[in-house]
Amino acid sequence: MLGKIIDFKINGDDRGSLIAIEEGYNAPFEIKRVYYIFDTKLGVERGFHAHKNLKQIAIAVKGSCTFVLDDGNKKEEVTLTNPNQGLYIEGLIWREMKNFSKDCVLMVIASEHYDENDYIRDYNEFLKEVNK
Ligand code: T46
């Protein structure tokens with residue numbers, strides 16, 4: 001698999017559910033940033049880039065969306081539908097996101113601060129990096 005699914009433990013009781021994500025416990029990297037994507041318009045596709053160094057865990061905390069992951073040789077699709085599952089992506093992986101439900105809130109936990117220089121936004125450049 002190009003991405004790894006992490007199953008988070010739900011701390012549930014008669015009031016509802018709570019999930020905790022902790023560095024070194026269920027997040028396999030130092031957490032430096034959290035961002036979330038919401039109100040994605042119908043039919044919009046996002047992503048279309050790879051990262052040089054970044055490690056991330058993506059969680060559809062509400063609603064659903066699909067990741068297309070591509071290592072330059074093969075592609076796989078992972079649909080996130082459950083707030084207790086995270087998609088862990090590391091290494092040189094081209095990613096696209098699609099099929100956002102209207103209510104989707106996609107939370108992403110990242111190993112580095114935001115750095116535009118870490119992005120590869122050109123697919124041919126990505127293939128060159130893969131084949132280096
Ligand atoms: C990724 C996928 C899953 C910031 O200012 N700080 C940030 O931390 C991020 C992530 C973005 N931005 C700015 C940069 C752009 O002007 O927010 C705008 C939208 O970012 P972008 O077009 O890169 O968003 P997506 O949805 O295509 O990709 C994002 C992440 O950037 C990326 O790392 O893996 O979600």
Check: What residue, of ILE5, ILE89, ILE10, is within 15 Å of the ligand (Cβ to nearest atom), among the β-branched types (Val, Ile, Thr) and either more than 12 Å from the chain's Cα centre (by Cα) or modelled with pLDDT of 95 or more (or both)?
Finding: ILE89
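What number of residues within region 24-58 are outside any loop (DSSP other than H, G, I, E, B) and either touching an Asp or Glu at 6+ places or on another chain (Cβ under 6 Å) or of a type in the set (Val, Ile, Thr) (or both)? Break it down stepwise before answering.
Taking region 24-58 and keeping what is outside any loop (DSSP other than H, G, I, E, B), we get 27, 33-38, 46-51, 56-58.
Still in the list and also either touching an Asp or Glu at 6+ places or on another chain (Cβ under 6 Å) or of a type in the set (Val, Ile, Thr) (or both): 34, 37, 47-48, 51, 57.
The qualifying residues number 6.
Give the residues of region 99-119 that are more than 11 Å from the chain's Cα centre (by Cα), assigned to a strand (DSSP E or B) and either within 11 Å of the ligand (Cβ to nearest atom) or free of Cβ contacts under 8 Å to residues at least 40 places away in the same chain (or both), sorted by residue number. Working first, answer last.
Within region 99-119, the first condition is being more than 11 Å from the chain's Cα centre (by Cα), and the residues that meet it are 99-105, 111-119.
If we keep only those that are assigned to a strand (DSSP E or B) as well, we get 105, 119.
Once the filter is applied, which keeps residues that are more than 11 Å from the chain's Cα centre (by Cα), assigned to a strand (DSSP E or B) and either within 11 Å of the ligand (Cβ to nearest atom) or free of Cβ contacts under 8 Å to residues at least 40 places away in the same chain (or both), region 99-119 yields only TYR119.
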Checklist line | Pairs with Cβ under 7 Å, 6+ apart, first in region 64-89 and over 21 Å from ALA27 (Cα atoms) and in a strand (DSSP E or B), second away from the ligand (no atom under 14 Å from the Cβ) and hydrophobic (A, V, I, L, M, F, W, C) | finding: GLU76/MET1
Next item on the list: Determine whether VAL44 is under 19 Å from THR81 (Cα atoms) and surrounded by fewer than 13 Cβ atoms within 10 Å (Cβ to Cβ).
Entry: yes
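The values are calculated or read from the model by the stated rules, or taken from the named source; none is laboratory data. For clarity, every value in this text was computed on a predicted model and none was experimentally measured. Quick reminder, even Gly has a Cβ in these numbers, built from the backbone with ideal geometry, and neighbours come from all protein chains shown.
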